[in-house]
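J.: Below: one structure in structure tokens.
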Amino acid sequence: MNKTPLVSIGIHNGKLSYIPMVENLLKSILICNRYPNIQIVLTETAGNQEVRDWFSQLDLSDYFCSFTGKETSVKKADEVTVSKKLLFLDYPTDFVWYQCYTDAMKRFFQVADGEYAFTLAEDNQFFIVGDVISDCISLIENKSKNKTVVCFPTLQQYKYGKQNNSFGPIQTLDKIKYFQTNSPKWDPTYIAHKSIYEVLGDFAVSDAIDPHGTINHFNKRSIELGFTRFFLQIPQCVWFSNGSRNKVLSKIIEKNADDPNSTLITPIDKNEAERLFEVSLPRKLQNCPLSTEEVFS
């Protein structure tokens, strides 16, 4: 068995105005990730040639260069290999967002070379410096490769409280602290072994009646197939709160103007994050996954 299988991370852009968030996400991956073997698939679906040119020119093994051509001191860790793949998709002008999103997501999972894969929208950021991806893979391989998914980013607090995200008591696997959810579910931001898509079957097509048709279809299939879904106690990635994109975007632009090496959230070492988590949070919160709001606080 390959102890460090390739992991593909899909990053999508469909709006030029969101490029500062894409920069923030990419910088955070290079700064924080210590898993030694990743592939980043850069997807563009709006036909913006400036973005496609930047994606094409980006060298993720060298110092990060911003969309405007400004070089930074941000670079991947020496022990990490980062490969890049491009996915430029053109759609008819009458396609609406959910049709583009569904097809782009499907195409990513088709072209991703990794044994494991997941996607992230630009409103995410890595904030834990360390090898959390190995924890996810260990958890998946300890359970069932083709029936197990691990939520990679944090969720907002209210989402943890929803019935379909309810979870059992905290568990430990080789020092990995995690929670098993009570309900199967699928989302492209869950890291999973790619064989899971052979089990799930074809992507359903979203439509005007059900814009989230793909997710709803795979959720139903997850229940039928008896999948298991897990939350890590401390995920490596934070998913920004719903409705905060404009505020987040403005803050990223402001921070980049002062320091092009910065990320929205200052990264923290994995061991230090675990120590602070145990020391600073009330006992009731230690028995829940870390939320988006707690990362921002």
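J.: In segment 184-267, which helices (runs of 4 or more DSSP H) lie fully inside it and hold 2 or more residues that are open to solvent by 40 Å² or more (accessible area, probe 1.4 Å), of a type in the set (D, E, K, R) and over 16 Å from Gln125 (Cβ atoms)?
T.: In segment 184-267, the matching helices (runs of 4 or more DSSP H) lie at 213-225.
J.: Right, Pro20: closer than 16 Å to Asn124 by Cα, more than 12 Å from the chain's Cα centre (by Cα), open to solvent by less than 40 Å² (accessible area, probe 1.4 Å) and modelled with pLDDT of 95 or more or not? Give the steps one after another, and end with the answer.
T.: On the way: closer than 16 Å to Asn124 by Cα: yes; more than 12 Å from the chain's Cα centre (by Cα): yes; open to solvent by less than 40 Å² (accessible area, probe 1.4 Å): yes; modelled with pLDDT of 95 or more: yes.
In short, yes.
J.: Among the residues of segment 164-183, count how many are among the aliphatic types (A, V, I, L, M) and either part of a loop (DSSP other than H, G, I, E, B) or within 17 Å of the chain's Cα centre (by Cα) (or both).
T.: 1
J.: Look through segment 1-17, keep the residues that are outside any helix (DSSP H, G or I) and over 17 Å from the mean Cα position of the chain (by Cα), and return whichever of them is surrounded by the fewest Cβ atoms within 10 Å (Cβ to Cβ).
T.: Met1
J.: From the list Asp78, Asp135, which one is assigned to a helix (DSSP H, G or I), modelled with pLDDT of 95 or more and out of contact with any helix residue (DSSP H, G or I) (no Cβ under 6 Å at 6 or more places or on another chain)? Steps first, please.
T.: Details: Asp78 fails: assigned to a helix (DSSP H, G or I).
Answer to the check: Asp135.
J.: Something else about it: How many residues are more than 26 Å from Lys247 (Cβ to Cβ) and in contact with an Asp or Glu (Cβ under 9 Å, 6 or more places away or on another chain) if we restrict to segment 105-131?
T.: 2
J.: Another question about this same structure. Inside segment 104-128, can you point out the residues that are open to solvent by 30 Å² or more (accessible area, probe 1.4 Å) and closer than 30 Å to Ile253 by Cα?
T.: The answer is Ala121, and nothing else.
The values are calculated or read from the model by the stated rules, or taken from the named source; none is laboratory data. Fair warning: this is a prediction, and the values are worked out from it, not measured in the lab. Ideal geometry is used to build each Cβ from the backbone, glycine not excepted, and the neighbour counts take in all protein chains shown. Calculation scope for accessible area: heavy atoms of the full protein, side chains included, ligands and nucleic acids excluded. Shrake-Rupley method; radii C 1.70, N 1.55, O 1.52, S 1.80 Å.
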